[in-house]
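Structure first, commentary second.
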Amino acid sequence: MDQGAENVSRETAPISNPKVVGIRRLKEPMPTPISTRIFTVANQKGGVGKTTTAVNIAAALSMGGLRVLVVDLDPQGNASTALGVEHRVSMGVYEVLMGTAPVQDVVQKCAGFPVLDCIPSNTSLAQAEINLVSIAAREQRLKDAITELQNGATKYDYIFIDCPPSLGLLTVNALAAATELLIPIQCEYYALEGLSQLLETYKVVKQRLNPELNLSTIVLTMFDSRTRLSNDVAANIRSHFPRELIDVPIPRAV
């Protein structure tokens, strides 16, 4: 992993400037998964690095030659902004959830990444929690859209769904549509309390809506090795989730 990160830093332009002209690629291509891996990136606590984690992993996989889709399910639209995708006035995931636009029509290409696509958020998505309540099979709307997209001409190797900081219908849609759950955990005091609430929702969705969903990945973010608190949180997560934890914490940085 360290070598891959070094290759990314040496061979690519900064992801923080997504509209830089030029194609970003790694020297070595990444292996293609046997089937599409669909990750929901979720944590109901805000500011833990969900969007940053989703867009950077997606961009890195795309630079490795894999076809990747990011679904921006957060009304704030930060993933769309990070990927340089217009989302303020264009149709996006809200229209797909409401059934007013085909999913193929809202997919946008990300500049500088030939095989990275995005389904953007827009301001209307803030109304989705209310408007979905009266719709039949409301928890399956995103899953149906992704299935329709995968049955079309484009087959993605990885799909990342960036969730809002809540456990409402949008996050439930994301969990129902995914095969894997990725949880970024900030190394601070309330992290474990929020994790227990998310795991309860995960268990309910797995039991009632999506038996194929698995908690596969936990990432520690904003880690400060100088503090006892960060080290205690990391040790606690490591003891409870030794298989799921990627034990390379992301350090706190400006």
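The values are calculated or read from the model by the stated rules, or taken from the named source; none is laboratory data. Because the structure is predicted, anything quoted here is derived from the model rather than measured. When we count neighbours, we look across all protein chains shown, and the Cβ atoms used for this are built from the backbone with ideal geometry, even at glycine. Ligands, DNA and RNA are stripped out before the accessible areas are found, and what is left, the full protein with its side chains, is counted by its heavy atoms. Shrake-Rupley method; radii C 1.70, N 1.55, O 1.52, S 1.80 Å.
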Segment 156-254 - Rg over Rh from alpha carbon coordinates, Kirkwood radius:
0.98
Segment 181-254: trypsin sites (Lys or Arg not before Pro) in DSSP loop, at most 13 other beta carbons within 10 Å
ARG226, ARG243
Explain nothing, just the number: dipole magnitude of the chain about its Cα centre with +1 on each Lys and Arg Cβ and -1 on each Asp and Glu Cβ, in debye rounded to the nearest 20.
220 debye
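Using a 10 Å cut-off on Cβ atoms, rank the peptides 124-133, 183-192 from the highest mean neighbour count down.
Top of the packing list down: 183-192, 124-133.
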q = 0.27 Å⁻¹: log10 I(q)/I(0) that the Debye formula gives for segment 183-230, counting C-alpha atoms only
-1.00
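Once neighbouring chains are kept in place and the probe is 1.4 Å, which whole percent of the accessible area of segment 68-121 is contributed by carbon and sulfur?
Carbon and sulfur atoms account for 55 percent of the accessible area of segment 68-121.
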Set of lysines with alpha-carbon distance to LYS203 below 22 Å, sequence-local pairs under 8 removed
LYS45, LYS50, LYS143
Could you tell me the relative contact order of segment 136-254? Use alpha-carbon pairs under 8 Å, at least six residues apart, and round to a whole percent.
24 percent
Cα centre as origin, Lys/Arg/Asp/Glu Cβ charges: segment 117-235 dipole, Debye
200 debye
Anisotropy class of the chain from Cα gyration tensor, a/c 1.5 cut
oblate
Just to check I understand the Karplus step: with θ = phi - 60° and J = 6.51 cos²θ - 1.76 cosθ + 1.60, what whole-Hz values come out for segment 91-107, glycine and proline as x?
5, x, 5, 4, 5, 5, 5, 7, x, 9, 8, x, 4, 4, 7, 10, 6
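By Kyte-Doolittle mean hydropathy of at least 0.0 and Cα axial length of at least 15 Å, which whole DSSP H helices of the chain are selected?
50-63
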Per residue, how much accessible area does the chain have with a 1.4 Å probe, in Å²?
49 Å²
